[in-house]
Amino acid sequence: MKEYETKALVDNLPEVLAFVDSQLEEVDCPMKIQMQIDIAVEEIFVNIAHYAYENGPGPATVRVEITHEPLCADITLIDNGLPFDPLAKSDPDVTLAANERQIGGLGIFMVKKSMDDVKYEYVNGHNMLTLKKELVKK
Amino acid sequence: MDIKKVLDNDTLTVKIDGRIDTTTAPVLGDSLSESYDSCKNLIFDFAGVDYISSAGLRILLSAQKIMSKKGEMKLINVSSDIMDIFEVTGFQDILTIE
C-alpha cells in the first residue's frame, strides 16, 4: 500500500495522477483501465479541491492498494474537510437532448459507471472514498 | 493538450491532441469562445485525444448547445476508448460522431 499526500488544489491534479499511474504501471495495468481510473480519481480529487475546505485548501491523501488474484486496485481518496457523500447525489438523466441537459453532474456518474465498486465512509473526521477496479481486460 | 484551428469558409476544424481534463478543458473552452462568431459549422478532430473527463464533456455540451442554434457540429476520428465514455454518459445521442 502506498500513499501520496498533497494540497487539495486543482493545480495538483497532474502530480496526483502521476502517482496513481506509477502504481498501476508497476503491475502492467491495461491502458484503457488506467484511463478509467484516472478519470475517476480526477473527478473525486477535483471535487475535494472545490468543495471540501471552506477556508483555503487543506490536505488530500491518495492511497493505492494493489491486490492479486484477481489483480485489483483499491484507490482511496481522503480529506478532512466537511462531511460529504458524493454518491448520495441522484444520477443525471443521460437520455435528455442536448438543450435539456444540465452542464454538470456527470463526473460522479462516470465514476459509478466505470468502477467495479465505489464506497464512501466518514471515519474519525475523514471523508474516505474508495474506488475498486479489477485491472484485467474483459 | 495542443489545439490547432483551421477555418475554411464557414467551417472551423479544431484538432485536439492530448488530454482534455480539469486543468486543460478551460483552455479549450476559451479557445472555442474566441471562434464561435467566425464559424457556422464546427468539426472536432479527436484523432489525438486519449482522455476526456467530465470537464471536457461539459465543454462539448456547451459547444453543442451554441452550434445547434447556428449550424452543425460533429466529431471525427473518435477512438473506441473515448467512444465508450460517450456511450456511458449518453453523449453519443447528443453529439454527431462520424
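The values are calculated or read from the model by the stated rules, or taken from the named source; none is laboratory data. Just so it is clear, the structure is predicted and the values come from calculations on it, not from any experiment. Heads up, the Cβs are rebuilt from the backbone with ideal geometry, glycines too, and the neighbour counts pull from every protein chain shown.
Do you know which residues across the stretch A:43-65 are touching a residue at least 60 places away in the same chain (Cβ under 8 Å) and of a type outside the set (Lys, Arg)? Selection gives A:Glu43, A:Ile44, A:Val46, A:Asn47, A:Ile48, A:Ala52, A:Val64, A:Glu65. The lone criterion from (1) of a type in the set (A, V, I, L, M, F, W, C); (2) touching a Phe, Trp or Tyr at 6+ places or on another chain (Cβ under 9 Å); (3) surrounded by fewer than 16 Cβ atoms within 10 Å (Cβ to Cβ) left unmet by A:Met1 is number (2).
Residues that are loosely packed, with under 12 Cβ neighbours inside 10 Å and among the charged types (D, E, K, R) were ranked within the stretch A:59-88; the one that is modelled with the lowest pLDDT is A:Glu69. Being more than 13 Å from A:Ile48 (Cα to Cα), away from every other protein chain (no Cβ under 12 Å) and not in a helix (DSSP H, G or I) is the filter here; which residues of the stretch A:79-119 pass it? Listed by number, the residues that qualify are A:Lys89, A:Ser90, A:Asp116, A:Asp117, A:Val118, A:Lys119. Return a yes/no flag: does the stretch A:59-71 have any residue that is away from chain B (no Cβ under 13 Å), part of a helix (DSSP H, G or I) and more than 28 Å from A:Val136 (Cα to Cα). No; the residues of the stretch A:59-71 include none that is away from chain B (no Cβ under 13 Å), part of a helix (DSSP H, G or I) and more than 28 Å from A:Val136 (Cα to Cα). Kindly list the number of the only condition in (1) within 11 Å of chain A (Cβ to nearest Cβ); (2) at pLDDT 95 or above; (3) surrounded by fewer than 21 Cβ atoms within 10 Å (Cβ to Cβ) that fails for B:Asn77. (1) is the only condition that B:Asn77 fails.
Kindly evaluate A:Ile44 against the criterion of being within 14 Å of chain B (Cβ to nearest Cβ) and among the β-branched types (Val, Ile, Thr). Criteria met by A:Ile44.
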